[in-house]
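Okay, so here's the structure we're looking at.
The values are calculated or read from the model by the stated rules, or taken from the named source; none is laboratory data. Remember, predicted model here, so these are calculated numbers, not experimental data. Cβ placement follows ideal geometry from the backbone for every residue including glycine, while neighbour counts extend to all protein chains displayed. These area figures cover heavy atoms from the full protein model, side chains too; ligands, DNA and RNA do not enter into them. Shrake-Rupley method; radii C 1.70, N 1.55, O 1.52, S 1.80 Å.
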Amino acid sequence: EDTPNEFYENMWNQIHSGKVFSSEIKNRKKGGEVYWANLSITPVFNNGEIVNFTAIRQDITNAKKLELLSIEDDLTKLYNRRHFNEILEKEIRRVKREGINLSLLSLDIDHFKKYNDTYGHPKGDEILKQVANALKDSTSRATDYVFRVGGEEFCIIFSGLDIEDSMTYAKQIVKNIENLKIEHSSNSASEYVTISAGLIVQNSKYIENEEELYKSSDKALYKAKVNGRNQVYLSNKSK
């Protein structure tokens, strides 16, 4: 149910043009259990016309689970720091090919240490999970990626938006966290749990490398904290 319509459109276009379609797919068994498979669909011809299709599926669920373990944060089930580095590098290459903007948002939960001191570490872990779920719910496009890159720090990579639209998007994400209305009596920015965020938006022609991009968003995050937290600060390197 979470496979995008574009997947099926691409599949039918390819096999109707007489080509073999191959892809990994996520599927569900009759009992409801999710599994992964390598799918290959081959057109069957008769007198030059396609009369049927042959589909072969190979279960790769165990291999997929091992792959997820290496790229997934155990607590929040978001992508981890290792995968962040890989995806950021890959996305920079993609936007350079397409000539579009890339945006990187670095986020911190405000006064998270104080939260742990006040409410205890088990509650702190619950907050990390709730914030992670809210970030996932806030990022629905296929080119949006959410990561937990350390302690209470998260990152979101997205593309195709200009500076103004990226700021609107980022501000809504910050607002969504406060709207969870999770009590945080030690937070100077609000009575609830909030996040601070640093945003960098660059057109592909200005992007140097992933390290500089992350450094810019991290500096902007620091500025958001200095300015009072529970807000987004736009990096002056955005262009």
What number of residues within region 131-145 satisfy the criterion of being touching a residue at least 24 places away in the same chain (Cβ under 8 Å) and of a type in the set (D, E, K, R)? 2
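Rundown of residues vs (1) open to solvent by less than 20 Å² (accessible area, probe 1.4 Å); (2) closer than 30 Å to N209 by Cβ, yes/no style:
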site: E49; (1), (2): no, no
site: E72; (1), (2): no, yes
site: N80; (1), (2): no, yes
site: E89; (1), (2): no, yes
site: K96; (1), (2): no, yes
site: L104; (1), (2): yes, yes
site: T118; (1), (2): no, no
site: R148; (1), (2): no, yes
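Please return the ranges of strands (runs of 3 or more DSSP E) entirely within region 146-239 where 3 or more residues are in contact with a strand residue (DSSP E or B) (Cβ under 9 Å, 6 or more places away or on another chain) and among the hydrophobic types (A, V, I, L, M, F, W, C). Step through it out loud before you land on a result.
Working: elements: 153-159, 195-203, 232-234.
Strands (runs of 3 or more DSSP E) meeting the threshold: 153-159, 195-203.
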Residues to consider are G18, G31, G99, G48; find the one that is over 27 Å from A224 (Cβ atoms), in contact (Cβ under 8 Å) with a residue 40 or more places away in the chain and not polar (S, T, N, Q). G99
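On the given criteria, is S159 at pLDDT below 95 and open to solvent by less than 80 Å² (accessible area, probe 1.4 Å)? Give the derivation first.
Working: at pLDDT below 95: no; open to solvent by less than 80 Å² (accessible area, probe 1.4 Å): yes.
Judged against the criteria, S159 is not a match.
Taking region 25-47, which residues are within 28 Å of T143 (Cα to Cα) and open to solvent by 80 Å² or more (accessible area, probe 1.4 Å)? Step through it out loud before you land on a result.
Start the filter on region 25-47 by keeping residues that are within 28 Å of T143 (Cα to Cα), which leaves 25-29, 32-41.
Within region 25-47, K26, R28, K29, E33 meet the criteria.
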Within region 208-218, is there a residue that is in contact (Cβ under 8 Å) with a residue 24 or more places away in the chain, more than 30 Å from K96 (Cβ to Cβ) and open to solvent by less than 50 Å² (accessible area, probe 1.4 Å)? no
Just to verify a result, which residue in region 160-219, among those that are among the acidic types (D, E) and under 30 Å from Y119 (Cβ atoms), is farthest from the chain's Cα centre (by Cα)? E191
Read through the list (1) open to solvent by 20 Å² or more (accessible area, probe 1.4 Å); (2) not in a helix (DSSP H, G or I), then give the number of the only condition that K114 fails. (2)
